[in-house]
Each structure stands twice: as C-alpha cells, then as structure tokens.
Amino acid sequence: MERPAWAPRSIDISVPSVSRIYDFYLGGSHNFEVDREAARKAMEFMPGLPKIMQANRAFMRRAVRFAAGEGITQFLDIGSGIPTFGNVHEVAQAAAPGARVVYVDHDPVAVAHSQAVLEGNEDVEVIAADLRKPQEILSSPQLERLIDLNRPVALLLVAILHFVEDADDPYGAVAELREALAPGSLLILTHASYEGIPLPAERAEGVVDVYKDIRNPLIMRSREAIARFFEGYDMVEPGLVPMPHWRPESAPEDEDPYAFSGFAGVGRTA
Amino acid sequence: MSAEPDGPEDRLRRLTTIWSRAVFPVTSTSLTRAEFAEQLLPLARRLSHLLRARSFDSEEAKAVGAALVDAHCTDPEALTRTLDCVDAYLVLYCGEDGPQDELRMRSSRLQHAMAAGYAQALRERTLAEQEAIAQAALQAQGVVAQALHASEARFRAVFEGAAIGIGIADLEGNVLQVNEALLRMFGGSEHTVRGRNVMEWTHPEDAPQTWKLYDELVRGEREHYHVEKAFNRPDGTVLWTNLTVSLLRDADGEPQYQLALMEDTTERRLLNLRLRYEATHDALTGLPNRTLFFERLEKALGAGEGQRFGLCYLDLDGFKTINDSLGHAAGDRLLVEVADRLQSCATAPGEMVARLGGDEFVALTTGPGTEREVDELAERILNALITPISIDGRDLLVRGSLGIVEGPAGERTAAEVLRSADITMYRAKSAGGNRSELADPEADARAITRHGLTTALPTALERGEFFIEYQPLVHLGDGSVRGAEALVRWLHPQHGVLGPDRFIPLAEHTGLIVPLGRWVLEESIRQAREWRERYGEQTTAGPLRINVNLSPCQLSHPGLVQDTVEILERAGVAPDALCLEVTESALIGADDDLLKPLRRLAEMGVDIALDDFGTGYSNLANLRRLPVSILKLDRSFTQGMQQFPADPVDLKIVEGIVTLAHSLDLAVTVEGVETGAQAEQLRILGCDTAQGWYYARPGPPERLHELALVDATG
C-alpha cells in the first residue's frame, strides 16, 4: 500500500532550502548541489546577492551589540537558519557575557545542524517552529527555560518576513509576538524590497521567480509596508533605512552598492 | 604597540591595510573592513617574521594560509588577491634592508606554502561542513521518520482497533486495505474482502441513489456520502450497514483513495423490524392491530381514482358475559379462535383482518370491486361464527354484530370511516345482534349529532344555554289559568333551540340530568315566586302553580327530597305551589324504596302527577299505591277528539279514566288540547285541567302573566 495521504511528509533534500542557499551566499559549504544550483540561478539575475546577505549579517551584528548596550540579555532569533559565523549568540555573549539566545527555524535540517553546533552551550536553545504560529514558539519549553518574558527581549526577524506571504498574515504574527514582549523589548528587522536594488526591477524579478520555483516565494515589500511591521514600536534612530545606513561603524560610501537593497530597522516597545 | 612613522610597525600596518582592502570585497565576513584588517594584522606580522627568519618554516607559512580560511575568506579569489599582495608588497614593506634576491626567493616559497595551507584548510572546512550538513539532514530525516513511524503506528492502532469497519479502496474500486472490524462484519475470512472490487457489492436492496453517489465520489465531484446499505455475506446472510464513504485527496488536492467507514446495523435493523412487528400486531391473536389497520385503511383511502374500500366492523355479542362467567383466560382463547376464523375469511390480496381491542375486530377489503366483495366478506364472517367454539369442553355459541361501510377512496378520513362503521355496528347490535347492517349517512348523522350534543351538554349548563318556557294549565270549569308546566329548552350555538326530546335522554344517559333537573327546579320555583309576588292574590283560583318534570334518573337520586325542600325554602315558596310530573313508565314496577321519596314529598304538600298516563301497560290497581294526586292523560287520547264528531271509543275511554281517577280522588289533566270543541268535550267528560295550543303554546314567563291577568280581570 502507498503512503496514506494523512501521513506527514518526509524531508526531501532534493528540494532547495532557503537557509542552505543563504549559507552558500555567505561562502559556507553547508549546502547541496540543488541549493547551489538555485543560488547560482538567482545570482545570474543579481550577482551581488551575497553582498546583501553579508550586509544583513553586518547589520545584525551591529543591532545585537546595540541591544546588549541597552542592557538586553535575552535574544529570540526567528528564522535563524544555518549557523555559520558571527551568529547572534557569539556576538551577544561577547558583548554581554551570560546572554541567552533562542534560535527558531522551521527548516528541520537547519534545526538539526544548529542543535549539533550548539550542543553543550547551556545558554542557547534551538526550536523547530514556524513564525506563522507564534504561540508554538512562545509556549515552547525551551523558550520558557531560557527567556523571561517579563523582562525585555531582543526579537530578531532578520531576512525572514519576506518569506511570509500576506495570506499567512505576517502582520498578525508580528503583532502577536509583540504582545508577548515586555516593555523595553527590541524588534530587530530586515526585509527585502525592490527599493534600493542597483538594478532595474525586471532583473530583480528574476530572483523572485527563482524563489517561486523552489516553492519558497520571496515577497518584496515597499518601505511603507515594511514600516507597518513596527506598529506598536518606537523606532530607534535612525529609523527604517538601507542596511549600511543603520548606525554604521565604517563609511557607508565604502559599501557595495547591493548592500543598500531592502531595509533594516530597530524598534522599541513602549 | 607604538608605530613610529615609517618604523617597522607602521610599515606592517600599511601592508595590512593594502591587504585588507584587496581581500575584504571577496570575503563574506560580517566584520567591518577595519575589524577585518585587525584580524589580518597578526597574520602580516607572522609573514614578516617568516620572510626574515634564518631558516624557512613552511608549516608556519601553511598555518597563515589556513588562518585566512578561518577568517572566512573562503572564496579562492581571496587567496589570489592575498598572494598578489604578498608578492608585491611583503618584501617592500617588511624586507628591511635584507638581500633582495633572497627575500624574493623566500617570499615566493612562502606564497607556495600559504597556498598549500589555504587549500588544505579550505578542503577540510568544506568537507567538515558537508559532513555536518549531511549529518543534519540525516538527523532531521530520522526525526521526521520517527514522527512518521509514531504517527503511522498510532493510525494503525486506530485502524485495527476501531469498532467500526474501515476500508480503503482506490478510485477504480479495488479494495486495498480493510480492518479487523470490517472483516468480522463480512464473516471473517480476508479473501472475501481484500482484493475484491467495491462495485461487485451491489445488492437488490440498494437505494436508487447509492451508486450514483459512488460515481460522483470517485469522479471527485463529491467529498463524501452516507447511505444505508446491505451486503451479501459469503454464508448467504445479509449484512446491513450505515455506510459513510469519503474521498481522500493527496497534498495537491488530487483524488487518491476512497475511505469507507461502516457500522453494522443488522441487529438493530432486526430489532427495529421486530419492534415494528410488535408495535403493529396484537400480542394475543397475532392479528394486525389498530395502528397497522389504520395505516392500511389510510393507504386504501388515499388510493387513486376508481379504487374503493369495504370495511366490516365486528363486535361479538355478549362477550362480556362469557368473560365474566368463564374467566378471562377462556375469553382470551375464544378471541384467539375468533381471530383465526376471521383470518381465514380475508385471504385475498387487498384484504386484511385486524383486532382493534377487546372483542372488536375489523376486516378490510380494497380494490375496485368492493361494493360486491364487502357483502361477501360480511357473509363469510357471520358464517365463520356459526359453528360453536369449544372452550374447556363447552360449546360456546358466538354471535356478532357487524357494521359495514363501503365507498370510494379519497372522500373520507380513516377516522370518519371507522366511526361510521362503529355507529353501524351499534345499530346492528340494537336491532338484536347476530346480523350485519350497512352504513347509512342519515343514521350516522343522527348518531354523530347525538354524540355531539352529549359531549356539549356539560358546558351548555355552565354557559347558561338552557332556558325554560311555560305552557299554561287551564281550569276547564272556568277557563282560569291555574299554573304552567315548565319545559326546558336548549339554545344550542349551532343547532338553534332544541326541545327536551333531543337532549333529555342524553342527559339521562350521562347523569347530567341531575344537575340539569335541579337547575330547572330552581328556575321554575323562582319563577313561581315571582308570579306569586306580583299576581298571586289577583287570580280567582288562588296562586299559580308550577309543574316540573322529573326524569327516572332524578327519581332514584338520593338527594331528591332534600334538594327540593332546600330549593322551596330558599325561594320561600310553599310546597303546594309545586307539582312534580313523573312518567307512568318510570313508576312501573317501582318498589317502596323508589316510592319513598315521592311519598315524603307528597306528605309535605307537593303534588305528584302521573305523566303520559295511558301509554304504558297501566296497572290501574297499582294507582292506589302511588303517592299521586293528578293523572295527566296522554295526548293520544285527545287526538281522537279533534275531529267532529269525536271518536266514540276515545270518549268512552276518557270518561272511564276520569271516573276511575275521581273515585281515587285524583284530578285529571289533559294535554294536547287544540280546539274549542275538544275543550268543551273534555269539560263535559269531567276533566279538571287542560293544556294545549288552544290556550297557549309554551312561551316566556311574561306570556303567562298576560293570560292570568286576562283571566283574572275577564
């Protein structure tokens, strides 16, 4: 008899994964040929894609340090992907020893790898969960073990919301998470957009098509639409800006033109 | 560390800056360029040492190459740019004043070793990462497989352990899998179910839509359906199920399988059939009962044009006597035997016999020819009862009364038909029993009206629908009004004014006559007092008297004397103003107990009149015994005097009666006086008082005042 239709689907590594593609862009080898193939296809349209990822990582690093500087010691990174280098816990624990980090991803391979890499780190947990179901994240025992929701938390939604379609109500999910956070918590967010890409939009659409083909649609949103994710937050200076402009530590002029694609921002709950 | 301008440290830093500028764009580090340069500075220092060291340490050079990989310069372009930079600037910035050729040679070897170290480190890192991600994928698959296994195990447990039958078939109908419960339902062995095709399981009792629903489902036009369905078991028995079939689709929504859930309802169905049988059959005789009979009758009455029905309603004559004398067990056996005989009378299609209860049976015949058939059926039934029934060694003669109703379908309701049959049966019974009567609409109507009036009587009294008319009693000697007879009327909301003959027998039958009679008495006495108060002393012959009829039922009612006394006393009317009229038939054979109350009333001064005298077998000798003071001659005697000359025989009879009455000290009143000649004749014959249309018809009490006043003044 064939597998009944109600059975859960197994992991199919012949299907490209967003997190492994991301790893490839960052020069990692935590990926398979299918992932690299998809990544190279996307790079045909936008050769500077790795620079966007790099700019994301750099922004995240600055933002985590900023959060640590604000006295925050609890970090919730949703859509953490495959740990490579300069991960949140490394940056956070360097800036604030004892900082606690919970990683969340819905890619079982990314989660399994994270668990292998982070084994033995008492202050880090990895949860297999989906941003679209915030309650599963908030009520998980791992989160409960490490994070006290009565104290401020830095919530990282870095390069993830552009993978959630409007039909899945990303705004609702973000609002639900916000409601669970104590005052003084930070939302650290980046999001893809056609705005700022140093290419005609038609070229960039080629990348969108690639992600559509791998059944992981990339949703480009306008700055205005991205700003709406910060509803209920006060924007931290300098607001929602291209990544290199957010509290730069080196001259933005030196940055690759691709680094200015999309937006980044940090908000604080009242 | 201090960096004096153009000192060794400053030169080292300048080299590092050039290096970092060249490599930074091709790294994927998240550090800033300045931070990245800080990472490169120690490497540059190590290169500087290696350049100038006495002997060349290739391992150390390889380590510097490997360190590049650790700084996330995993793009080979980073190595190219690094080597370009080392080649061009290392000797220049770090060679100090050493021999240029040697330094160049050393730089070249150094570059080779760095490249080898970088390549090895990158290879190791790549392999390690590949290994790690493959492990992670395996691990994740293991977790999912485990979850899948657990889920499958759970589903298997549900599937196998379920109390309802579960089966899965593909869309062609091939049965792929069934559970234990389903196998048990089908009788156990697997090959009878598995591998078979769903479409083989047609059954003669399949509802018309069953297979249409199936087709819609397998075509993907329907998600599920629910039917009651029968299956043939291999052993020839029938399995009845509540069957729910659902369409299973794959993740893309394409129809894949059909899932059947079935519940064995065979037992329940049998039970239902038995309950249905028990609910529709008489436990004693096994005949269909009232419920089933009504269903059939309704069906027959609802049949199309040209269809008719015939009904025989049988009630055994004197069954109660048999029950009372021989006991219920014998009665029951008699009923069973009667049922058997009746059943043999109605064997044709469209015929049935049912027991309605007690000793009441019905036989029904349906079809176009029932006009003739129903008579034959009735005859067969009466014939079937001719042979005596032997119970406990006694031969019992059983007779019955049969009411027959026949007619076309579609005109009457079952209840109406049965009522007509019941009424007709009672006519047969009243006519002596052991016969059949055919329903007659007029007789039915009468009976129905009777029934309607009977049930309306109690509320009629409450609602004050009765009223009284008074017919004057006139003294034949002087023509003066002496009193009046109270005659009760019923102003019926539908039927209008009804005379006592229409409802007094019904009131007698139901016992309502007692309160009704009391009301008439009260009302009449009240009227008598009114007359007395107004005119009592003006009439020549003394106060006006009131005559009130007393029915046999009232006569035997124990409260008669007390009620009468109370009414008279309450109204303040003397007993001699009242005359109670009792029919002769009510007193025939009356014993002393019955006469006692009359006697007491007579002793108090109430007059007792013997009404309708001369209609029964008048026992003249008996007259002496009765506490009676007035004879009221029946109107049949006066009818003969209406013509002229009067019937001489009638004259003789009346004369004789009057003589007899007077000799017993009884007054004589005649009824039905309609002409002056009649009145004169009766006066000559010696009658005392008279009433009739000649004087006045019964009317409202005011009429009597007028008559009395005319009489008084005239």
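The values are calculated or read from the model by the stated rules, or taken from the named source; none is laboratory data. Small disclaimer: the values here were computed from a predicted structure and weren't measured. Cβ sites come from the backbone with ideal geometry, for glycine too, and all protein chains shown count toward neighbours.
Select the strands (runs of 3 or more DSSP E) contained entirely in the stretch B:227-340, then report the ones holding at least 1 residues which are closer than 30 Å to B:Gly367 by Cβ, in contact with a Gly (Cβ under 9 Å, 6 or more places away or on another chain) and away from chain A (no Cβ under 14 Å). In the stretch B:227-340, the matching strands (runs of 3 or more DSSP E) lie at B:308-317.
The rows are residues; the columns are (1) in contact (Cβ under 8 Å) with a residue 60 or more places away in the chain; (2) under 29 Å from the mean Cα position of the chain (by Cα).
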{"residue": "B:Ile322", "(1), (2)": "yes, no"}
{"residue": "B:His328", "(1), (2)": "no, no"}
{"residue": "B:Asp332", "(1), (2)": "no, no"}
{"residue": "B:Glu337", "(1), (2)": "no, no"}
{"residue": "B:Thr347", "(1), (2)": "no, no"}
{"residue": "B:Glu351", "(1), (2)": "no, yes"}
{"residue": "B:Ala354", "(1), (2)": "yes, yes"}
{"residue": "B:Gly357", "(1), (2)": "yes, yes"}
{"residue": "B:Thr370", "(1), (2)": "yes, no"}
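Is there a residue being under 29 Å from B:Ile525 (Cα atoms) and modelled with pLDDT of 85 or more anywhere in the stretch B:699-707? Yes, there is a match, as at least one residue in the stretch B:699-707 is under 29 Å from B:Ile525 (Cα atoms) and modelled with pLDDT of 85 or more.
The listed residues are B:Leu79, B:Leu51, B:Leu68, and the only one of them that is in contact with a Leu (Cβ under 8 Å, 6 or more places away or on another chain), away from chain A (no Cβ under 14 Å) and touching a residue at least 24 places away in the same chain (Cβ under 8 Å) turns out to be B:Leu51.
Quick one: which residue in B:Ala507, B:Ala528 is within 27 Å of B:Ala571 (Cα to Cα) and either over 43 Å from the mean Cα position of the chain (by Cα) or of a type in the set (Ser, Thr, Tyr) (or both)?
Result of the check over B:Ala507, B:Ala528: B:Ala528.
Contact map, the stretch B:659-674: residues that are closer than 17 Å to B:Tyr695 by Cβ paired with residues that are small (Gly, Ala, Ser) and in a strand (DSSP E or B), Cβ distance under 6 Å, separation 6+ or inter-chain. Pairs shown: B:Val670/B:Ala690; B:Val673/B:Ala690. When the stretch B:622-677 is filtered for residues that are among the acidic types (Asp, Glu) and within 26 Å of B:Leu550 (Cα to Cα), the ones remaining, listed by number, are B:Asp634, B:Asp665, B:Glu671, B:Glu674. Within the stretch B:640-681, which residues are surrounded by 21 or more Cβ atoms within 10 Å (Cβ to Cβ), of a type in the set (S, T, N, Q) and modelled with pLDDT of 90 or more? Once the filter is applied, which keeps residues that are surrounded by 21 or more Cβ atoms within 10 Å (Cβ to Cβ), of a type in the set (S, T, N, Q) and modelled with pLDDT of 90 or more, the stretch B:640-681 yields only B:Thr669. For A:Asp77, the conditions (1) within 11 Å of chain B (Cβ to nearest Cβ); (2) of a type in the set (Asp, Glu); (3) within 21 Å of A:Leu161 (Cα to Cα) are fulfilled apart from (1). Screening A:Phe66 on (1) modelled with pLDDT of 95 or more; (2) within 12 Å of chain B (Cβ to nearest Cβ) shows it passes everything except condition (2). When the stretch A:255-270 is limited to residues that are surrounded by 20 or more Cβ atoms within 10 Å (Cβ to Cβ) and within 14 Å of chain B (Cβ to nearest Cβ), the one that is farthest from the chain's Cα centre (by Cα) turns out to be A:Glu255. The test for being assigned to a loop (DSSP other than H, G, I, E, B), farther than 13 Å from B:Leu334 by Cα and not charged (D, E, K, R) does not hold for B:Ile381.
Scanning the stretch B:543-584 for residues that are of a type in the set (Val, Ile, Thr), under 19 Å from B:Pro701 (Cα atoms) and more than 53 Å from the chain's Cα centre (by Cα) gives B:Ile546, B:Val573.
Look at A:Leu149 and say whether it is crowded, with 18+ Cβ neighbours inside 10 Å and more than 23 Å from A:His30 (Cα to Cα). Spelling it out, it is not the case that A:Leu149 is crowded, with 18+ Cβ neighbours inside 10 Å and more than 23 Å from A:His30 (Cα to Cα).
Screening B:Gly479 with (1) assigned by TED's automatic domain parsing to the domain that holds B:Leu580; (2) at pLDDT below 90; (3) in contact with a strand residue (DSSP E or B) (Cβ under 8 Å, 6 or more places away or on another chain) gives one miss only, at (3).
Can you tell me which of B:Leu580, B:Leu506 is surrounded by 20 or more Cβ atoms within 10 Å (Cβ to Cβ) and in contact with a helix residue (DSSP H, G or I) (Cβ under 7 Å, 6 or more places away or on another chain)?
Exactly one residue qualifies, and that residue is B:Leu580.
Of all residues in the stretch B:380-399, exactly one satisfies the criterion of being acidic (Asp, Glu) and free of Cβ contacts under 8 Å to residues at least 24 places away in the same chain, namely B:Asp395.
Restricting the first member to the stretch A:241-254 and to residues that are more than 8 Å from chain B (Cβ to nearest Cβ), and the second to residues that are assigned to a loop (DSSP other than H, G, I, E, B), the beta-carbon pairs closer than 6 Å and six or more apart or on different chains are A:Pro242/A:Gly196; A:Pro244/A:Glu255. Would the stretch A:222-234 turn up any residue that is touching a Lys or Arg at 6+ places or on another chain (Cβ under 7 Å), assigned to a loop (DSSP other than H, G, I, E, B), farther than 13 Å from A:Met46 by Cβ and away from chain B (no Cβ under 14 Å)? Checked against the condition, which is being touching a Lys or Arg at 6+ places or on another chain (Cβ under 7 Å), assigned to a loop (DSSP other than H, G, I, E, B), farther than 13 Å from A:Met46 by Cβ and away from chain B (no Cβ under 14 Å), the stretch A:222-234 yields at least one hit. Could you please find all residues in the stretch A:1-31 being at pLDDT 90 or above, more than 7 Å from chain B (Cβ to nearest Cβ) and over 17 Å from A:Asp213 (Cα atoms)? Matches in the stretch A:1-31: A:Asp23, A:Phe24, A:Tyr25.
Between A:Glu125, A:Glu90, A:Glu144, the distinction of being within 14 Å of chain B (Cβ to nearest Cβ) and not β-branched (Val, Ile, Thr) belongs to A:Glu90 only. Would a scan of the stretch A:109-128 turn up a residue that is of a type in the set (Ser, Thr, Tyr), at pLDDT below 90 and closer than 16 Å to A:Asp23 by Cβ? Among the residues of the stretch A:109-128, not one is of a type in the set (Ser, Thr, Tyr), at pLDDT below 90 and closer than 16 Å to A:Asp23 by Cβ, which makes the answer no.
I need a count of the residues in the stretch B:155-178 that are touching a residue at least 12 places away in the same chain (Cβ under 8 Å), assigned to a helix (DSSP H, G or I) and within 11 Å of chain A (Cβ to nearest Cβ). Residues meeting the conditions: 1.
Could you tell me whether B:Cys553 is assigned to a strand (DSSP E or B), closer than 23 Å to B:Pro500 by Cα and not β-branched (Val, Ile, Thr)? Please lay out each step first, then the result.
Working: assigned to a strand (DSSP E or B): no; closer than 23 Å to B:Pro500 by Cα: yes; not β-branched (Val, Ile, Thr): yes.
It is false that B:Cys553 is assigned to a strand (DSSP E or B), closer than 23 Å to B:Pro500 by Cα and not β-branched (Val, Ile, Thr).
Among the residues of the stretch B:124-154, those that are out of contact with any helix residue (DSSP H, G or I) (no Cβ under 9 Å at 6 or more places or on another chain) and either at the interface with another protein chain (Cβ under 7 Å from one of its Cβ atoms) or of a type outside the set (A, V, I, L, M, F, W, C) (or both) comprise B:Thr126, B:Gln130, B:Glu131, B:Ala145, B:Gln146, B:Ala147, B:Leu148, B:His149, B:Ser151, B:Glu152, B:Arg154. Looking at B:Ile468, B:Ile504, just one residue is of a type outside the set (Gly, Ala, Ser) and either part of a helix (DSSP H, G or I) or at pLDDT below 90 (or both), and that residue is B:Ile504.
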